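A short worksheet on the structure shown next.
The values are calculated or read from the model by the stated rules, or taken from the named source; none is laboratory data. All figures in this text were calculated on a predicted structure; none of them were measured in a lab. Because the Cβ atoms are built from the backbone with ideal geometry, glycine has one as well, and the counts that use them run over all protein chains shown.
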Amino acid sequence: MKYPFTSFLCHKRMASSSAELSLVATKIVQLLPVLGCLIAFTGLHTTAYGQVNYAALSAQVDSLGSTYQNAPFVRNTTNGAQTTIQAGQTKTIYYDSIQYNNSITRVYAWIGIPQGASASDKVPGIVLVHGGGGTAYKSWVDKWVSQGYAAISIAVEGQTDARSEADGWVKHAWAGPSRDRIYSDSNLPLNEQWMYHSVVDTILANSLMHSLNMVDSEKIGIMGISWGGVITATTIGVDDRFTFAISAYGCGAQTQERGVWAKPSRWARKLGNNEMYKQVWDPLLRMDRISIPTMWFSSPTDENFPISRQAMTYRASPGPRLVALKHGMRHNHAAAWDPGDTYAFADSVIANQEPWCDLVDFKLNSNVARAKFRTEKSITSATIVYSTDDISKLETEMTWLQTSDNVSLSSSGGYADVVATLPAGTTAWYLNVFAAELVASTGFQWANGDDLLPYEKINYGALLNADFAAVGVGESVIFTPRPNLSGTWSWSGPNGFVKNSRNARLDNIQIQDAGDYIVTYQDSLGNISRDTYSLEVTGSQDVGNVPLPGSSSFNNGVFTLQGAGVDFRRGSDKIHFYHQSLSGDGEMIARVTSVENTSSWAKGGVMIRDSLAANSNFAMVMQKNDNRVAFQFRKTVGAASDFSNWLQGGTGSIKYVRIRRVGDTFRGFYSTVSESGPWVELGAAQTISMGQDVYIGLAVNSHSNTNFSTATFDSVSIIEY
C-alpha cells in the first residue's frame with residue numbers, strides 16, 4: 001500500500017572544525033508531514049478538501065476592474081438627491097457603492113473641476129486616496145485643481161470630513177466596513193473585507209471621473225498616501241484604465257523579510273502567516289501587469305513601509321517609474337502632497353507619456369556606482385544616501401547620511417551621469433539627483449544585492465510562499481521566484497542541474513535530486529539578486545530481497561513502519577527503510593515507541609547507509625521489542641555486520657536512539673530521558689567508509705520472511721552539521 005510521503009526537515013548549520021565535532025546550539029526542526037494548510041474560514045471559497053481556494057478569491061479580485069466600470073449614482077450631501085458636477089466647482093458628494101450588511105453603501109468625497117474645463121477643452125483627472133487616520137480632503141483637491149486637474153478625494157472608511165473630539169472623523173449612515181488593523185478581517189468573506197470595499201470604491205471613483213465630459217478619460221491618474229498607497233498599488237493591478245499612479249509610502253511585499261537575520265517589519269509582525277494577504281491582497285501579486293508610469297515617493301526612515309519592500313514592489317512592474325526617496329521626509333499626508341514632486345511627475349506623464357526623469361542605466365563595480373538618468377529638466381546636483389549599520393536592523397532603525405563627497409555629476413543631451421564611490425562600510429544606499437527641489441533616485445539598494453521572493457508549487461498544487469520543498473520520490477516541484485521580471489535568469493543545482501529561465505521545474509524527482517538550487521537574476525541595469533531553494537526528498541522502500549512489501553505512514557506525529565525480512569546480520573540486508581539524503585556530516589534522533597514482537601530479534605531504529613544496495617555499508621542504532629538497544633554496523637561492503645555493546649539499556653523504558661556521522665566516524669547513543677539527552681554512548685566509535693552523500697532514516701526488520709513487524713517512532717529529527 002502506498003502512503004503519502006512525509007519529509008525529514010533538516011536544519012542546516014556550520015560544521016565544526018573538530019573532527020569529533022563539538023555540537024553547537026541549533027534549532028532542531030521536528031519531523032513533520034507535508035500537509036496543506038487546512039483553514040475553515042466561513043464564507044470563503046473552499047476546495048473539495050475544505051481548503052481555502054485562494055486562486056478563486058484572487059480571480060474574484062481581478063474581475064473588479066471590469067465589473068465596476070459604469071459610473072456610480074452621485075448624490076448631494078444635503079438630502080441625498082442626485083447632483084451634477086460642474087466646471088469651476090469644488091464640493092462634497094456621496095456616490096453609491098456596493099452592498100455591505102445587505103445595504104447599499106455610499107462614499108463621501110470632495111470633488112473639484114478647474115474653471116473653464118469643458119467637453120471641447122478637457123482636463124486631466126486624478127483619484128486621491130487617503131492614508132490611515134485620514135479622510136476626503138478639500139485641501140488636497142484644491143492643490144490638484146490649481147495644477148489644472150479634475151480631482152476627487154474619497155473617504156474609504158465610511159467617514160466624512162467632520163470631526164468629533166471624542167471619536168475622530170464622523171461616520172455617515174451609509175458606511176461600509178472600516179479598516180481592521182492590518183488585514184485582520186481576512187477571516188471574513190471576501191466581500192465583507194475592508195480592502196475589497198476600498199478597491200471597489202476607488203474603481204468607482206475612476207468610473208465617475210471617466211463619465212465627466214470635461215475630463216479627458218485617457219489622462220486620469222491615481223495617487224494614494226500610506227494605506228492609500230497600498231490601495232493604489234492594489235487597484236492599478238485590476239483596473240487598467242489609469243494613465244499613471246503615485247504611491248507615497250504604501251507598497252506590497254510586506255511579509256517578505258531579507259534573510260534569516262533581518263528583523264520582521266511592523267507589517268510582517270502583524271500579518272504573520274496571513275495567506276489571504278500573501279495570495280490575494282499583496283499588491284506584489286499583480287505588479288507584473290503594470291505598464292503605466294508609476295511614482296514611488298518615500299524616505300529611508302519611514303516607519304510603516306520599509307523602502308526595501310517598496311523596492312521589491314516597484315521592481316516587479318515592467319512599466320516606467322520614478323523613484324523619489326527624500327532624505328528626512330516625514331510620514332504624513334502633507335509631507336506627501338505639499339512638495340512639487342508628485343505634480344511634476346503627473347505633468348510629465350500627461351505631456352510626454354513618461355516621467356520627467358527615469359533611470360536608464362545602473363551598475364555597481366566593487367564600491368563604485370554609476371547611474372545614467374534620462375531627464376527633461378536640468379539636473380543641478382547629486383548625492384549618495386547611505387548607511388553603515390548592520391543589515392539586521394530595519395531600514396527605519398538605521399542611521400542614514402547624505403553626502404556629495406566622492407560623487408561626480410555630468411549632464412549632456414538630456415542625460416545626467418552620476419559616478420559615486422560608496423563610503424567604507426556601506427551596507428545600504430541609493431543615489432539622488434536634483435532638479436531644483438525635485439528629486440529622483442536610483443531606488444534603494446542593499447550593498448550585497450537584493451532578495452527575490454521565494455514561491456513554489458509541489459505536485460502542481462497551490463502556490464506556496466516558501467524556499468524549502470519536501471517531496472517523495474517520483475513527485476514534482478516548481479520553484480518560481482517572484483517578481484516576474486524581465487532580465488536574465490539562471491539556475492544551478494545538484495547533479496549538474498542548469499536552467500536559463502525564471503521557473504525551475506523538476507519532475508519524477510529522485511533521492512539524488514535533493515540539495516540546494518540557486519537562482520540568479522540580473523536586470524538590465526546590472527542589479528544582481530540571488531536566492532537558494534532547498535529540496536528534500538524522502539523515499540520509502542524495501543532494501544534487499546524482502547518477500548513481503550513493506551510500508552510507511554505518518555499520523556499525528558507518529559511514524560509507523562511495517563517491514564519483513566530475515567535480518568541485518570549477514571552480508572545482505574532485508575529491511576524496510578524510510579529515508580532521505582544527507583550530504584556530509586549529521587545525525588538523526590528518534591524515540592522508538594514500539595517494535596512488534598514477531599521475533600525476539602525483530603528491531604527498528606535510526607540508520608545511515610552508503611547506498612540502497614542490500615550489501616551496503618551502514619551504521620544503525622536499533623531497539624528490540626524488549627526495549628534493549630544496540631549499535632550495529634557494516635564496515636566492508638558485503639561483509640557480515642557487527643555490534644558494539646550489544647543489547648544495552650535494560651528493559652525498563654522505551655528509548656531515544658541517536659546515530660551520528662562526522663566524516664567516516666560513526667557513533668551510536670541512547671537516552672531514557674528525552675531527545676536532548678543525557679546520552680549514553682553504545683560502545684566505541686567506528687570508522688566506516690561512506691561517500692559524501694548518504695541515506696539517513698528509519699528502518700524496521702521482522703526477522704521473518706513470512707511476517708511483518710510494525711515499529712512506531714516519534715520525536716524524530718535530523719540535523720545536518
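Here is a check on your reading of the model: is residue 469 surrounded by 15 or more Cβ atoms within 10 Å (Cβ to Cβ) and in contact with a strand residue (DSSP E or B) (Cβ under 9 Å, 6 or more places away or on another chain)?
Taking the combined requirement at face value, the residue satisfies it.
Consider residue 580 against the criteria (1) on the phi > 0 side of the Ramachandran plot; (2) crowded, with 23+ Cβ neighbours inside 10 Å: it satisfies all of them except one. Which criterion is unmet?
Result: residue 580 passes all but (1).
Checking the conditions here, which among 660, 667 is under 26 Å from residue 600 (Cα atoms), out of contact with any Pro (no Cβ under 8 Å at 6 or more places or on another chain) and either surrounded by 23 or more Cβ atoms within 10 Å (Cβ to Cβ) or outside the structural domain of residue 596 (by TED's automatic domain parsing) (or both)?
On inspection, the qualifying residue turns out to be 667.
What is the number of the single condition among (1) modelled with pLDDT of 95 or more; (2) in a strand (DSSP E or B) that residue 457 does not meet?
(1)
Output the number of the condition that residue 262 fails; it satisfies all remaining conditions of (1) at pLDDT 95 or above; (2) more than 29 Å from residue 339 (Cβ to Cβ); (3) hydrophobic (A, V, I, L, M, F, W, C); (4) under 22 Å from the mean Cα position of the chain (by Cα).
(1)
So how many residues does region 392-410 have that are farther than 16 Å from residue 302 by Cα, crowded, with 17+ Cβ neighbours inside 10 Å and under 36 Å from the mean Cα position of the chain (by Cα)?
Looking only at that region, the number is 1.
Criterion first (assigned to a strand (DSSP E or B) and either buried (at least 21 other Cβ atoms within 10 Å of the Cβ) or not assigned by TED's automatic domain parsing to the domain that holds residue 656 (or both)) does residue 559 satisfy it?
Taking the combined requirement at face value, the residue satisfies it.
Can you go through 428, 416 and tell me which one is within 27 Å of residue 249 (Cα to Cα), surrounded by 15 or more Cβ atoms within 10 Å (Cβ to Cβ), at pLDDT 95 or above and of a type in the set (A, V, I, L, M)?
Step by step, each of 428, 416 is checked, and only 416 is within 27 Å of residue 249 (Cα to Cα), surrounded by 15 or more Cβ atoms within 10 Å (Cβ to Cβ), at pLDDT 95 or above and of a type in the set (A, V, I, L, M).
Could you say whether any residue in region 529-542 is free of Cβ contacts under 8 Å to residues at least 60 places away in the same chain and farther than 27 Å from residue 643 by Cα?
no
Need pairs with beta-carbon distance below 9 Å; first residue on the phi > 0 side of the Ramachandran plot and within region 627-643, second of a type outside the set (Gly, Ala, Ser) and part of a strand (DSSP E or B); sequence gap 6+ or separate chains.
627/592; 627/595; 627/655
Residues of region 653-668 being of a type in the set (Ser, Thr, Tyr) and over 11 Å from residue 589 (Cβ atoms), which ones?
Within region 653-668, 653, 665 qualify.
Consider region 562-616. How many of its residues are outside any loop (DSSP other than H, G, I, E, B) and within 44 Å of the chain's Cα centre (by Cα)?
28
Would you point out which residue out of 713, 633, 643 is within 39 Å of the chain's Cα centre (by Cα), in a strand (DSSP E or B) and of a type in the set (Phe, Trp, Tyr)?
Only one candidate qualifies: 713.
Can you confirm whether residue 691 is on the phi > 0 side of the Ramachandran plot, assigned by TED's automatic domain parsing to the domain that holds residue 558 and not in a strand (DSSP E or B)?
For residue 691, the condition - on the phi > 0 side of the Ramachandran plot, assigned by TED's automatic domain parsing to the domain that holds residue 558 and not in a strand (DSSP E or B) - is not met.
Kindly state which strands (runs of 3 or more DSSP E) lie completely within region 146-228 and contain at least 2 residues that are in contact with a Pro (Cβ under 7 Å, 6 or more places away or on another chain) and farther than 24 Å from residue 77 by Cα.
Here the list reads 215-225.
For every residue, the table says whether it meets (1) at pLDDT 95 or above; (2) over 25 Å from residue 157 (Cβ atoms); (3) part of a strand (DSSP E or B).
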| residue | (1), (2), (3) |
| --- | --- |
| 91 | yes, no, yes |
| 99 | yes, no, yes |
| 108 | yes, no, yes |
| 111 | yes, no, yes |
| 124 | yes, yes, yes |
| 127 | yes, no, yes |
| 131 | yes, no, no |
| 135 | yes, no, no |
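Provide a single number: the residues in region 335-347 that are among the small types (Gly, Ala, Ser), surrounded by fewer than 24 Cβ atoms within 10 Å (Cβ to Cβ) and farther than 16 Å from residue 434 by Cα.
Total meeting the criteria: 1.
In region 284-303, how many residues are at pLDDT 90 or above and assigned to a loop (DSSP other than H, G, I, E, B)?
8
Suppose we filter 247, 217, 226 for residues that are small (Gly, Ala, Ser) and surrounded by fewer than 24 Cβ atoms within 10 Å (Cβ to Cβ); which single one remains?
Unique residue meeting the criteria: 217.
When you go through (1) under 22 Å from residue 462 (Cα atoms); (2) without any contact (Cβ under 8 Å) to a residue 40 or more places away in the chain one by one for residue 299, which number turns out not to apply?
Of everything listed in (1) under 22 Å from residue 462 (Cα atoms); (2) without any contact (Cβ under 8 Å) to a residue 40 or more places away in the chain, residue 299 misses just condition (1).
Do you know which of the residues in region 530-556 that are among the β-branched types (Val, Ile, Thr) and under 29 Å from the mean Cα position of the chain (by Cα) is surrounded by the fewest Cβ atoms within 10 Å (Cβ to Cβ)?
Filtering region 530-556 for residues that are among the β-branched types (Val, Ile, Thr) and under 29 Å from the mean Cα position of the chain (by Cα), the one surrounded by the fewest Cβ atoms within 10 Å (Cβ to Cβ) comes out as 532.
State yes or no: is residue 676 at pLDDT below 90, among the polar types (S, T, N, Q) and crowded, with 16+ Cβ neighbours inside 10 Å?
no
Just for region 431-454: of the residues that are of a type in the set (Asp, Glu) and either part of a strand (DSSP E or B) or under 22 Å from residue 278 (Cβ atoms) (or both), which one is modelled with the lowest pLDDT?
450
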